[in-house]
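J.: Please find one structure pasted underneath; my questions will follow.
The values are calculated or read from the model by the stated rules, or taken from the named source; none is laboratory data. Values in this document were obtained by computation on a predicted structure and should not be read as measured data. FYI the Cβ positions are ideal-geometry reconstructions off the backbone, even for glycines, and counts take in every protein chain you see. Ligands, DNA and RNA are excluded from the accessible area calculation, which covers all protein heavy atoms including side chains. Shrake-Rupley method; radii C 1.70, N 1.55, O 1.52, S 1.80 Å.
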Amino acid sequence: MTETLQHYINGRRVAGTSGRFGDVFNPALGTVKARVPLAGKTELDSVVAAAKAAFPAWAAATPLKRARVMSKFKELLEINADKLAAIIISEHGKVHEDALGEVTRGIEVVEFACGGPHLLKGEVTENVGTNVDSHSLRQPLGVVAGISPFNFPVMVPMWMFPVAIACGNTFILKPSERDPSASLMVADLFKQAGLPDGVFNVLHGDKEAVDGLLTHPDIQAVSFVGSTPIARYVYTTGAAHGKRVQALGGAKNHMLVMPDADLDKTVDALIGAAYGSAGERCMAISIAVAVTDAIGDTLVERLTPRVAALRIGPGTDPNAQMGPLITREHRAKVLDYIDIGTQEGAKLLVDGRGFHQAEHPEGFFVGGTLFDHVKPHMRIYKEEIFGPVLGIVRVKDYREAVNLINANEFGNGTAIFTRDGDTARTFAHEIQVGMVGINVPIPVPMAFHSFGGWKNSLFGDHHMHGPEGVRFYTRLKTITTRWPTGIRAGADFVMPTMN
């Protein structure tokens, strides 16, 4: 019997009341795993009311108390990491090592949020005027919401809610309806850690729920990760309704391969960065920029057999390197892009359209695909495919490569592989991209730095997690003080403690 999932509101699981449901698939099998409720206005109003009611007490809790709950939550996440990975595999399809890595990267943000007492410290200036002092505070916003994508059902929400909650806000997570179950386990673990009811909530839904979150007057801020068209819509709609918004969009990430690069390491990096998680990563490398035809020829020679030999299977297969795509519809979209690439004149070296997973013929699998002689006017160059498709673009020199990357509408991530420190340093400074790797293929910052792109990869002023996340989820207040002669109190011989 197919499981029917529930929302998580005010510390407990609550059945959907809208009467609308979506199917959650196991993408490796191509079968329905569960039904997820799609929230309507009644459920939205209920979850916002719960979060709003919980806010005053949570905001008044000391940063130390909030940090201790976060620390216990981190401990529980570590204990249950394999269980969370298994849920990811069953609904997203990525292989176990990748799923476990996602959980680990999410835990790193929780660990960062445990430093809330330090992160929320303000600044003090003595004697800004004669006997006048000034100090600043960072205070929480209130009820905030996060809308997360299917490709990282644990990690991306953790880019948002640990920092928001550590800062004293209450949080409503709207996870992807494609793989929503991990968010419910996260909610259960948070409650076990001692989080008060109403501080963290999970509302399942589709566009109706998203629009409700963007327009509800009691929600102060919205975080989003997804495609660029929807990111732009989330930003403009939320901002028009007076909300703070950080909306991360799509990407077309290039790896520049210089003639002096270590080609063994470069090819290993390309295989992992292009085909890991079946290419369903906003930081995936989808374009290799070969500087000179000689480098292009070498990449073709080395990549072609590696891509053809990728071990593709369900995430439960310990030997699998790549799993299925998330849905049947997305698989069809990726296959269409491969058709388009051949029609536009790119040279198809490895064709993933004919891949057949014998043990799971109904699964949403696509084989690794490799194109050469991709040109900037082609759709497979300009558009985010979000699948296991890598294109090689050939340029004559470094300057042409930089101009190519800077002309792209996206600016999420990029990388350069070279042995030349001067070239690498110049590239890092002049490339118009938010996250840069030097001999690192997927330059996702650690949790104590901030994640975000440039251009059409980010809408809003703040990147996610790290110091930028703290700024996004708090308001700055500056207080200027003058006191008359102080009042003297008697001696106190008790060791001072903080509660």
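J.: For the range 394-413, how many residues are closer than 13 Å to Lys252 by Cα and out of contact with any His (no Cβ under 6 Å at 6 or more places or on another chain)?
T.: Our first condition is that a residue be closer than 13 Å to Lys252 by Cα; within the range 394-413, this holds for 404-413.
Now restrict to residues that are out of contact with any His (no Cβ under 6 Å at 6 or more places or on another chain): 404, 406-413.
The qualifying residues number 9.
J.: If you don't mind, there's one more thing I want to ask. Working only within the range 1-17, note down all residues that are farther than 14 Å from Lys191 by Cβ, without any contact (Cβ under 8 Å) to a residue 40 or more places away in the chain and either touching a helix residue (DSSP H, G or I) at 6+ places or on another chain (Cβ under 9 Å) or hydrophobic (A, V, I, L, M, F, W, C) (or both).
T.: Met1, Glu3, Ala15, Thr17
J.: Here's a follow-up. Can you tell me which condition Ala320 does not meet? The list is (1) open to solvent by less than 50 Å² (accessible area, probe 1.4 Å); (2) part of a helix (DSSP H, G or I); (3) over 29 Å from Val433 (Cα atoms), and all the others hold.
T.: Result: Ala320 fails condition (2) only.
J.: Any residue at all in the range 146-155 that is part of a helix (DSSP H, G or I), more than 19 Å from Ala61 (Cβ to Cβ) and at pLDDT 95 or above? Outline the logic, then answer.
T.: Of the range 146-155, the ones part of a helix (DSSP H, G or I) are 155.
Add one more test, that the residue is more than 19 Å from Ala61 (Cβ to Cβ), and what stays is 155.
From what's left, at pLDDT 95 or above: 155.
Looking through the range 146-155, at least one residue is part of a helix (DSSP H, G or I), more than 19 Å from Ala61 (Cβ to Cβ) and at pLDDT 95 or above.
J.: Please return the ranges of helices (runs of 4 or more DSSP H) entirely within the range 363-477 where 2 or more residues are open to solvent by 10 Å² or more (accessible area, probe 1.4 Å) and in contact with a Ser or Thr (Cβ under 7 Å, 6 or more places away or on another chain). Give the steps one after another, and end with the answer.
T.: On the way: elements: 379-382, 398-407, 421-430, 466-472.
The helices (runs of 4 or more DSSP H) meeting that bar are 466-472.
J.: Moving to a separate point now. Against the definition (surrounded by 14 or more Cβ atoms within 10 Å (Cβ to Cβ), within 14 Å of Ala209 (Cβ to Cβ) and not hydrophobic (A, V, I, L, M, F, W, C)), how does Gly22 come out, yes or no? Show your work before the answer.
T.: Values: surrounded by 14 or more Cβ atoms within 10 Å (Cβ to Cβ): yes; within 14 Å of Ala209 (Cβ to Cβ): yes; not hydrophobic (A, V, I, L, M, F, W, C): yes.
Criteria met by Gly22.
J.: Another question about this same structure. Part of a strand (DSSP E or B), modelled with pLDDT of 95 or more and either open to solvent by 10 Å² or more (accessible area, probe 1.4 Å) or not charged (D, E, K, R) (or both): is that true of Ile172 in this structure?
T.: Values: part of a strand (DSSP E or B): yes; modelled with pLDDT of 95 or more: yes; either open to solvent by 10 Å² or more (accessible area, probe 1.4 Å) or not charged (D, E, K, R) (or both): yes.
Judged against the criteria, Ile172 is a match.
Matching residues to (1) closer than 15 Å to Gly453 by Cβ; (2) not small (Gly, Ala, Ser):
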{"site": "Arg232", "(1), (2)": "yes, yes"}
{"site": "Thr236", "(1), (2)": "no, yes"}
{"site": "Ala239", "(1), (2)": "no, no"}
{"site": "Lys243", "(1), (2)": "no, yes"}
{"site": "His254", "(1), (2)": "yes, yes"}
{"site": "Asp260", "(1), (2)": "no, yes"}
{"site": "Lys265", "(1), (2)": "no, yes"}
{"site": "Leu270", "(1), (2)": "no, yes"}
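J.: Also, quick follow-up: Could you check the range 99-118 and list, in sequence order, the residues that are crowded, with 24+ Cβ neighbours inside 10 Å and farther than 30 Å from Pro140 by Cα?
T.: Of everything in the range 99-118, just one residue is crowded, with 24+ Cβ neighbours inside 10 Å and farther than 30 Å from Pro140 by Cα, namely Ala99.
J.: Is it the case that some residue within the range 45-61 is in a strand (DSSP E or B), aromatic (Phe, Trp, Tyr) and under 24 Å from Thr215 (Cβ atoms)?
T.: Keep residues of the range 45-61 that are in a strand (DSSP E or B), which gives none.
The answer is no; no qualifying residue exists.
J.: Next question. Anything in the range 64-97 that is within 20 Å of Pro162 (Cα to Cα), part of a helix (DSSP H, G or I) and either in contact with a His (Cβ under 6 Å, 6 or more places away or on another chain) or open to solvent by less than 50 Å² (accessible area, probe 1.4 Å) (or both)? List them, or say none.
T.: Arg66, Ala67, Val69, Met70, Phe73, Lys74, Leu76, Leu77, Ala81, Leu84, Ala85, Ile88
J.: Does Gly198 satisfy the condition of being part of a loop (DSSP other than H, G, I, E, B), out of contact with any Pro (no Cβ under 6 Å at 6 or more places or on another chain) and open to solvent by less than 10 Å² (accessible area, probe 1.4 Å)? Can you show your working first?
T.: On the way: part of a loop (DSSP other than H, G, I, E, B): yes; out of contact with any Pro (no Cβ under 6 Å at 6 or more places or on another chain): yes; open to solvent by less than 10 Å² (accessible area, probe 1.4 Å): yes.
For Gly198, the condition - part of a loop (DSSP other than H, G, I, E, B), out of contact with any Pro (no Cβ under 6 Å at 6 or more places or on another chain) and open to solvent by less than 10 Å² (accessible area, probe 1.4 Å) - is met.
J.: Here is a check on your reading of the model: is Ala274 part of a helix (DSSP H, G or I) and surrounded by fewer than 20 Cβ atoms within 10 Å (Cβ to Cβ)? I'd like the intermediate steps shown before the answer.
T.: Working: part of a helix (DSSP H, G or I): yes; surrounded by fewer than 20 Cβ atoms within 10 Å (Cβ to Cβ): no.
No, not satisfied.
J.: Output the number of residues of the range 1-19 satisfying the condition of being polar (S, T, N, Q), open to solvent by 50 Å² or more (accessible area, probe 1.4 Å) and in a loop (DSSP other than H, G, I, E, B).
T.: Filtering the range 1-19 down to residues polar (S, T, N, Q) leaves 2, 4, 6, 10, 17-18.
If we keep only those that are open to solvent by 50 Å² or more (accessible area, probe 1.4 Å) too, we end up with 2, 4, 6, 10, 17.
Subsequent filtering for residues that are in a loop (DSSP other than H, G, I, E, B) retains 2, 6, 10, 17.
Total satisfying the criteria: 4.
J.: Kindly indicate whether any position in the range 104-111 is closer than 21 Å to Gln321 by Cβ, assigned to a helix (DSSP H, G or I) and either out of contact with any helix residue (DSSP H, G or I) (no Cβ under 9 Å at 6 or more places or on another chain) or not polar (S, T, N, Q) (or both).
T.: Of the range 104-111, the ones closer than 21 Å to Gln321 by Cβ are 104-105.
Filter once more, so that each one left must be assigned to a helix (DSSP H, G or I): 104-105.
Retained after the next criterion (residues that are either out of contact with any helix residue (DSSP H, G or I) (no Cβ under 9 Å at 6 or more places or on another chain) or not polar (S, T, N, Q) (or both)): 105.
There is at least one residue in the range 104-111 that is closer than 21 Å to Gln321 by Cβ, assigned to a helix (DSSP H, G or I) and either out of contact with any helix residue (DSSP H, G or I) (no Cβ under 9 Å at 6 or more places or on another chain) or not polar (S, T, N, Q) (or both).
J.: Is it true that Ile340 is within 29 Å of Arg394 (Cα to Cα) and among the β-branched types (Val, Ile, Thr)? Walk me through how you get there before you give the answer.
T.: On the way: within 29 Å of Arg394 (Cα to Cα): yes; among the β-branched types (Val, Ile, Thr): yes.
The answer is yes for Ile340.
J.: Counting only residues that are polar (S, T, N, Q) and without any contact (Cβ under 8 Å) to a residue 60 or more places away in the chain, how many does the range 237-274 have? Break it down into steps so the answer makes sense when it comes.
T.: Here is the first cut: in the range 237-274, the ones polar (S, T, N, Q) are 237, 246, 253, 266.
Okay, now just the ones that are also without any contact (Cβ under 8 Å) to a residue 60 or more places away in the chain, so 237.
Residues flagged as polar (S, T, N, Q) and without any contact (Cβ under 8 Å) to a residue 60 or more places away in the chain within the range 237-274 amount to 1.
J.: Would you check which residues across the range 37-54 are under 12 Å from Ile172 (Cα atoms), surrounded by fewer than 22 Cβ atoms within 10 Å (Cβ to Cβ) and not small (Gly, Ala, Ser) and list them?
T.: Listed by number, the residues that qualify are Asp45, Lys52.
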